[in-house]
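Data first, discussion second: the structure below is written as structure tokens.
The values are calculated or read from the model by the stated rules, or taken from the named source; none is laboratory data. As the structure is a computational prediction, the values presented were derived from the model and not from experiment. Positions of Cβ are backbone-derived with ideal geometry, glycine not excepted, and every protein chain shown enters the neighbour counts.
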Amino acid sequence: MQITSFDVFDTLLVRSLAVPADLFLVLGERLRTIRLIDLAAPEFAHARREAESRRRRTQSSEVIVEEIYDELGKQLRWSESQREQALRLELDLERASLHGVPGMLERVEAARQTSERILFLTDMYLPPSFIESVLQDCGFFRRGDMLFVSGSWRVSKAAGQLYQAVRRELPGITGWRHFGDNVQADVLVPRRQGIEAVEVPEGRLTRYEQWARGDGDALWRSRLAGAMRLARLASSNLSGRRLPIWGVACDVAGPLLFGYVHWCLREAWQRGVKRLYFVSRDGQILLKLAEIIRGQWDYPIECRYLYGSRQAWHLASVEKFNEGQFDWVLVPTKDLHVAEVFGRIGLRAEDFATELETDGFGRTCWQEPLSEAQRVRLRMTLGRSSVAAAVEQTARDRRQITQRYLAQEGLFDPVPVGIVDIGWHGNLQKSLSRILARASGGPVPLVGFYFGLLTKPTAGTGQNMLAYWDREGIPVRPLRRENLAFFEIFTSADHGSVMGYHEAGDSLSPRLQTPANDRAVAWGLREMQAGLLEFARRWASVIGANEFPLDEYQQITQHNHRSFYEDPTLEEARIWGEFPYSDQQVELHYSGLVPNWPAGDLWRAILNPARRPAYWWQEGTAALHPSLVLSLYIALRRIKQRIRDAFGA
């Protein structure tokens, strides 16, 4: 007889909590609410664990839950009815916490096609009837299947005795395949008994989920890790390269951005802001997160999407083109060249060939990367009256249509508003403020809610800039030490960059560089966004806005981001290092953060920063292409950064 067996917990079923014993914290809270105990939840959880341990020490066989509650009832001096009430409540909470693992039902059904019997085996103290009913509810258990529970059989699966009990019960077994998550109990032990064992690791906590859980008694952290796991497991329809995208979205990017958006909504509400504009393109996924949070936690704030960009707003904000604007025009990006600089100010280099050639920029060098000395010399060209006049005329035209678009979107309504933008220098808000002020005849109050700012905010009259990353009192690593590209990747949108605005019937619409962000979509953008939102839905549904400390939550999520960035798996480095990233204001060139280099190019990149791609992911490169030289370079770089941080440099 050919049979197939499946482990139950963390293979077919997972809990909404990180580890089984965390259920006792929930149980303690409930029992205290109904006045069945006067212990704090952690104290009760400890008592429940100790009762089970004492019972196991007093008998050589496996225990059942009724015996555990006999022990616990004596300790807490419960009556028989109180003991039964507490036991029923534990079973109810267990049932509510259990979820079928997506994709495992298909495995069970596939096994039915090749097996004469389907078995379910588990090391567990819960009643077989209870476990069977949960398996039935999730579609796993059918009539004719068999369930072997260690407690009722009084033998252990981890010790191998439960497998032996199956053979005694079914003596005609000729072939046996077993699926389970536990390396010892579900793989090594059955293999020693001649059983074909298949490891199913998906239900185990990942390193990110383990860190989220921690090692204390904070129930919210268990729920956080559980939400991360349940979101990650919802990827059963994905395969190949899409899986590490989904996994990092659920375990790293989703929790990180959720905290930021929750902070935005909370701060906006506390400051009396009635409407938040989520600025494209990072605002696309942030707005979707905000809608999930608002739906669960009832923040009375209107949230809208606002099409905007450096290209659309910086130029439109210019009135007099002079040295004050040159900084944003010449902000260095990878391989910045003359043609790109003129594109930033809405002009074509060809129309100013004479001025450029006079200043030493012949046509042959317009597409070549500018050196520091050339950027300084290009300021002379930008300062020429012919260039300034053209910029100012283009700016006036851009400003008029931009103001009309902003009016259409309600920026001039008599409502306290704020903008949500990923950040770095706050220049986008400054440009927007100048555009609004020009149309209104004076400053327009505006609050900016940023993920992070690299420079100290210098907002103008009526302006305020707030940053989530390094809020006062939060001990975090300086933002300048992070690879900002990953935050921008996490908030990528499915449409192209906003170049300006145009008439579209009776309204104004954004003029996009490309309708769709095809490169990112081909990489797996939609899966990344779906994973982010899956986590958000899971987390917001099991926790209240005031039921977890945002400061500690922020530190947990930042740690997991740092773990992902500094110590990626081979698969993470390969897939995430391929994201088509561009740091240009007008995106013309894209590259991965992990280049596919021969050894010689790696040496040249270490020695010469000009040889490095924009926001080079050195740790990802080291994971994908191991190099002692690169590992030493990374170690020295980190030492240097710590020294700089220690001295505030």
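At a glance:
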| item | result |
| --- | --- |
| Members of segment 593-633 that are without any contact (Cβ under 8 Å) to a residue 24 or more places away in the chain, surrounded by fewer than 18 Cβ atoms within 10 Å (Cβ to Cβ) and small (Gly, Ala, Ser) | Gly600, Ser631 |
| Any helices (runs of 4 or more DSSP H) falling wholly within segment 531-643 and containing at least 1 residues that are under 30 Å from Leu330 (Cα atoms) and basic (Lys, Arg) | 599-607 |
| Subset tally (residues that are part of a helix (DSSP H, G or I) and either over 42 Å from the mean Cα position of the chain (by Cα) or within 13 Å of Pro127 (Cα to Cα) (or both)) for segment 70-88 | 13 |
| Close pairs from segment 343-369: first in contact (Cβ under 8 Å) with a residue 12 or more places away in the chain and within 15 Å of Val387 (Cα to Cα), partner in a helix (DSSP H, G or I) and among the small types (Gly, Ala, Ser), Cβ under 8 Å, at least 6 apart | Gly346/Ala395; Leu347/Ala390; Ala349/Ala339; Asp351/Ala390; Phe352/Ser386; Phe352/Ala390; Glu355/Ser386; Leu356/Ala349 |
| Qualifying residue in segment 105-119 (condition: in a helix (DSSP H, G or I), closer than 24 Å to Arg56 by Cβ and in contact (Cβ under 8 Å) with a residue 40 or more places away in the chain) | no |
| Meets criteria (among the acidic types (Asp, Glu), at positive phi and surrounded by 17 or more Cβ atoms within 10 Å (Cβ to Cβ)) for Asp421 | no |
| Sole residue being in contact (Cβ under 8 Å) with a residue 12 or more places away in the chain, within 25 Å of Gly452 (Cβ to Cβ) and among the charged types (D, E, K, R), chosen from Arg266, Arg229 | Arg266 |
| Verdict on Leu382 being modelled with pLDDT of 90 or more and touching a Phe, Trp or Tyr at 6+ places or on another chain (Cβ under 9 Å) | no |
| Some residue of segment 106-123 being in contact with a Gly (Cβ under 6 Å, 6 or more places away or on another chain) and not charged (D, E, K, R) | no |
| Checklist (1) crowded, with 20+ Cβ neighbours inside 10 Å; (2) in a helix (DSSP H, G or I) applied to Ala522, failing item | (1) |
| Failed item, numbered, when Trp328 is tested on (1) in a helix (DSSP H, G or I); (2) more than 19 Å from Leu446 (Cβ to Cβ) | (2) |
| Residues satisfying the stated conditions in segment 24-69, i.e. under 38 Å from the mean Cα position of the chain (by Cα), surrounded by 15 or more Cβ atoms within 10 Å (Cβ to Cβ) and of a type in the set (Gly, Ala, Ser) | Gly28, Ala41, Ala45, Ala47 |
| Count of segment 9-49 residues which are polar (S, T, N, Q) and closer than 21 Å to Asp251 by Cβ | 2 |
| Which listed residue, of Ala439, Ala353, Ala407, is modelled with pLDDT of 90 or more, over 25 Å from Lys288 (Cα atoms), in a helix (DSSP H, G or I) and small (Gly, Ala, Ser) | Ala439 |
| Lone unmet requirement of (1) touching a residue at least 60 places away in the same chain (Cβ under 8 Å); (2) outside any helix (DSSP H, G or I); (3) not β-branched (Val, Ile, Thr) for Phe141 | (1) |
